[in-house]
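A.B. asks: The structure follows.
The values are calculated or read from the model by the stated rules, or taken from the named source; none is laboratory data. The structure displayed is predicted, hence computed values, not measured ones. Because the Cβ atoms are built from the backbone with ideal geometry, glycine has one as well, and the counts that use them run over all protein chains shown.
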Amino acid sequence: MLQPQSTGSQDENAADRLLPLDRFQGSLGQRVYHSLKHAILTLAYRPGDIIRKPDICERLGVSRSPVADAVAKLASDGLVDVVPQAGTFVTRLSMTDIREGAFIREAIEVAAAERVATMITEDQLRELRRNVRMQEALVADGDQQGFMALDGQLHEMMLSFTGFPRLPQVSQTAWLSVHRARQLILPVAGRLQATLDEHRAILAAFEAQDPDAARRAIQHHLRQLLTYLAPLERAHPELFSPQGQS
């Protein structure tokens, strides 16, 4: 199972793991926001870690103003808590938020999968096959972060194939809390390969143009999250908010 890092040591070096701003697009404030958000979602900053603004300014080579703006936006996303006289902390995981996000994501993706299975084109299938082949290579290499990126792309493609352009963004917003939790699950032995197998089943359902199979494959895939998280919450309560709190 996951071995948690010491919160103290993580605080000291988390800012060093921020991606440089030239990896992102937009205004200076937007790029700082995206760099910090990426660090939180990938657990460079772990639940409960303190966000030290001077360290971020030094690492990214920016003044305090864009960092303050980025932190305010992260707070509105529910990814950080700003505590007066104490500091800014990465929000701990909330099983209530995770269950809600998983519920919303499943409702959206089940409907999307059933729709896509009846209308998917050969070009779209080719895109999905290419994505899954690349996932296979990353699993063989043990590249968890690369795999996570392709995982997200596969789900975004499926949602975009519905023809509803706002659907991917709605789903991503609901998935923020869940995304962080999944970072804790993939290091569990066998989970990376199991996720790949679940993606293969989704692809097979689309290839067969079978809406029922697509629904079952998506439901099985998304519901694995809570199966793995329940024992993780018990083993590492320091990463989670008390029950009932967000």
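So that you can scan it fast, the table gives a plain yes or no per residue for (1) modelled with pLDDT under 95; (2) of a type outside the set (V, I, T):
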{"site": "S63", "(1), (2)": "no, yes"}
{"site": "V67", "(1), (2)": "no, no"}
{"site": "S76", "(1), (2)": "yes, yes"}
{"site": "P84", "(1), (2)": "yes, yes"}
{"site": "G87", "(1), (2)": "yes, yes"}
{"site": "D97", "(1), (2)": "yes, yes"}
{"site": "A102", "(1), (2)": "yes, yes"}
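Here's the yes/no breakdown for (1) at pLDDT below 90; (2) under 22 Å from D97 (Cβ atoms):
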{"position": "G8", "(1), (2)": "yes, no"}
{"position": "E12", "(1), (2)": "yes, no"}
{"position": "P20", "(1), (2)": "no, no"}
{"position": "Y33", "(1), (2)": "no, yes"}
{"position": "H38", "(1), (2)": "no, yes"}
{"position": "Y45", "(1), (2)": "no, yes"}
{"position": "I50", "(1), (2)": "no, yes"}
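A.B. asks: Please go through the stretch 155-175 and pick out each residue that is surrounded by 18 or more Cβ atoms within 10 Å (Cβ to Cβ) and among the aliphatic types (A, V, I, L, M).
C.D. replies: Listed by number, the residues that qualify are M158, L159, L167, A174.
A.B. asks: For the stretch 78-95, give me each residue that is surrounded by 15 or more Cβ atoms within 10 Å (Cβ to Cβ) and farther than 16 Å from L43 by Cβ.
C.D. replies: Residues satisfying the conditions are D81, T88, M95.
A.B. asks: Right, here's the next one. Is it the case that some residue within the stretch 189-199 is of a type in the set (V, I, T), at pLDDT 90 or above and assigned to a helix (DSSP H, G or I)?
C.D. replies: Within the stretch 189-199, one or more residues are of a type in the set (V, I, T), at pLDDT 90 or above and assigned to a helix (DSSP H, G or I).
A.B. asks: For residues that are without any contact (Cβ under 8 Å) to a residue 12 or more places away in the chain and over 20 Å from S171 (Cα atoms), scanning just the stretch 76-102, find the one that is nearest to the chain's Cα centre (by Cα).
C.D. replies: Top of the filtered list is D81.
A.B. asks: Considering every residue within the stretch 221-239, establish whether at least one is assigned to a loop (DSSP other than H, G, I, E, B), surrounded by fewer than 16 Cβ atoms within 10 Å (Cβ to Cβ) and out of contact with any helix residue (DSSP H, G or I) (no Cβ under 8 Å at 6 or more places or on another chain).
C.D. replies: There is no residue in the stretch 221-239 that is assigned to a loop (DSSP other than H, G, I, E, B), surrounded by fewer than 16 Cβ atoms within 10 Å (Cβ to Cβ) and out of contact with any helix residue (DSSP H, G or I) (no Cβ under 8 Å at 6 or more places or on another chain).
Matching residues to (1) among the aliphatic types (A, V, I, L, M); (2) under 30 Å from G78 (Cα atoms); (3) surrounded by 15 or more Cβ atoms within 10 Å (Cβ to Cβ):
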| position | (1), (2), (3) |
| --- | --- |
| T121 | no, no, no |
| R129 | no, no, no |
| D151 | no, yes, yes |
| V178 | yes, yes, yes |
| A204 | yes, no, no |
| Q209 | no, no, no |
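A.B. asks: Separate question: Return a yes/no flag: does the stretch 55-77 have any residue that is of a type outside the set (A, V, I, L, M, F, W, C), outside the structural domain of D210 (by TED's automatic domain parsing) and outside any helix (DSSP H, G or I).
C.D. replies: Yes - at least one qualifying residue is present in the stretch 55-77.
A.B. asks: Take the stretch 131-154 and flag every residue that is over 17 Å from the mean Cα position of the chain (by Cα) and over 17 Å from A208 (Cα atoms).
C.D. replies: N131, R133, M134, E136, A137, L138, V139, A140, D141, G142
A.B. asks: Taking the condition of a type outside the set (A, V, I, L, M, F, W, C), touching a Pro at 6+ places or on another chain (Cβ under 9 Å), in a helix (DSSP H, G or I) and under 30 Å from E198 (Cβ atoms), does R105 pass?
C.D. replies: The answer is no for R105.
A.B. asks: For the stretch 161-175, name all the residues that are part of a helix (DSSP H, G or I) and touching a helix residue (DSSP H, G or I) at 6+ places or on another chain (Cβ under 6 Å).
C.D. replies: Scanning the stretch 161-175 gives L167, P168, S171, A174.
A.B. asks: Does R182 satisfy being part of a helix (DSSP H, G or I), within 23 Å of A107 (Cα to Cα) and touching a helix residue (DSSP H, G or I) at 6+ places or on another chain (Cβ under 7 Å)?
C.D. replies: Against the criterion (part of a helix (DSSP H, G or I), within 23 Å of A107 (Cα to Cα) and touching a helix residue (DSSP H, G or I) at 6+ places or on another chain (Cβ under 7 Å)), R182 qualifies.
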